[in-house]
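One structure below.
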Amino acid sequence: MKKILIVHAHPEAKSLTCALKDVAVETLQTQGHEVQVSDLYKIGWKACADAGDFTDITNPDRLKYIAESRHAFASGTQSPEIEAEQQKLLWADAVLFTFPLWWFSAPAILKGWFDRVFTYGFAYGVGEHGGERWGDRYGEGVLAGRRAMVIVPIGGRAPHYSDRGVNGSLDDILWPIQHGTLFYPGFEVVPAFPVYQSDRMDDENWGKVRADLKDRLDQLFTMPTIAFRTQNGGHYDAHQRLKPGLGAGAGGTHIHLLQPRDPVETVPRPARTPR
């Protein structure tokens, strides 16, 4: 049995996004897993990162959010709702994020969840720095050993989000979330589960989407994750630039994906931090 957290971001309980979340809960529980849901709109999650996130401000004259975040995490003076979400992340073996693609990104409430929950000392600012090592990030970190996956309804058609599509490839659109937000603190990222033409869903297509999602969830802990290069695996130099000879034949963000003939990374994928 595994423990799965679902972070859900949609304001309408009758939405397709909510229906996908419900399918995930039902499927995972039927498999015997333990599931928690953070329904951000339902709980009235505060999206804005501000002084209210700290119960002990060290500098009342000027808010330096990073400095206050570092102090609050280290001293146990974070706001209770932030600490509660962090504890859920540490509890989970996998985290699913269910949200619609709005203006090429996640809804503001989910961005605010990341801004507030991924604090200094928890999701960033961890590990030793020296030489080619810039801390524990991009494949290492507090959340290492856990899996993450986004379930994302999209209004447009699949070809619009292909490598030659007018909107750009979905991999590139989700890069800031999957690589910059999830892989950064250590998550192993399972390929996204997109649902295209989400506002034109009929019963027949819904039946197929539902079946496909159940099948994907059956493979949540077995399917290969996205082959992002680890920061400290030897492929980047002291300036955190990809070393010469790597990424040949790829372009854009794809140069940061492992390729078949690449040198073996010198830092193995970390095991999950024991609870």
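The values are calculated or read from the model by the stated rules, or taken from the named source; none is laboratory data. Values in this document were obtained by computation on a predicted structure and should not be read as measured data. Note that each Cβ is placed from the backbone with ideal geometry, even for glycine, and that neighbours are counted across all protein chains shown.
Between T253, T225, the distinction of being among the hydroxyl-bearing types (S, T, Y), modelled with pLDDT of 90 or more and touching a strand residue (DSSP E or B) at 6+ places or on another chain (Cβ under 7 Å) belongs to T225 only. Specify the residue that is farthest from V95 (Cα to Cα); the eligible residues are those in the stretch 1-23 that are in contact with a Ser or Thr (Cβ under 7 Å, 6 or more places away or on another chain) and in a helix (DSSP H, G or I). Looking at residues that are in contact with a Ser or Thr (Cβ under 7 Å, 6 or more places away or on another chain) and in a helix (DSSP H, G or I), I get L16. For the stretch 24-52, which residues satisfy the criterion of being β-branched (V, I, T) and either in a loop (DSSP other than H, G, I, E, B) or exposed (fewer than 13 other Cβ atoms within 10 Å of the Cβ) (or both)? Once the filter is applied, which keeps residues that are β-branched (V, I, T) and either in a loop (DSSP other than H, G, I, E, B) or exposed (fewer than 13 other Cβ atoms within 10 Å of the Cβ) (or both), the stretch 24-52 yields T30, I43. Scanning the stretch 136-167 for residues that are more than 26 Å from R210 (Cα to Cα) and either touching a residue at least 40 places away in the same chain (Cβ under 8 Å) or not in a loop (DSSP other than H, G, I, E, B) (or both) yields a count of 10.
Look at (1) modelled with pLDDT of 95 or more; (2) within 26 Å of Q240 (Cα to Cα); (3) touching a strand residue (DSSP E or B) at 6+ places or on another chain (Cβ under 6 Å); (4) not aromatic (F, W, Y) and you find that V142 fails only one, number (3).
Within the stretch 207-234, the set of residues being surrounded by fewer than 16 Cβ atoms within 10 Å (Cβ to Cβ), among the hydrophobic types (A, V, I, L, M, F, W, C) and touching a residue at least 24 places away in the same chain (Cβ under 8 Å) comprises F221, M223, A227. Tell me the residue from Y120, Y161 that is in contact with a helix residue (DSSP H, G or I) (Cβ under 6 Å, 6 or more places away or on another chain) and either surrounded by 21 or more Cβ atoms within 10 Å (Cβ to Cβ) or at pLDDT below 95 (or both), please. Exactly one of Y120, Y161 is in contact with a helix residue (DSSP H, G or I) (Cβ under 6 Å, 6 or more places away or on another chain) and either surrounded by 21 or more Cβ atoms within 10 Å (Cβ to Cβ) or at pLDDT below 95 (or both), namely Y161. Restricting attention to the stretch 203-261, the residues that are basic (K, R), within 24 Å of A144 (Cβ to Cβ) and part of a loop (DSSP other than H, G, I, E, B) total 3.
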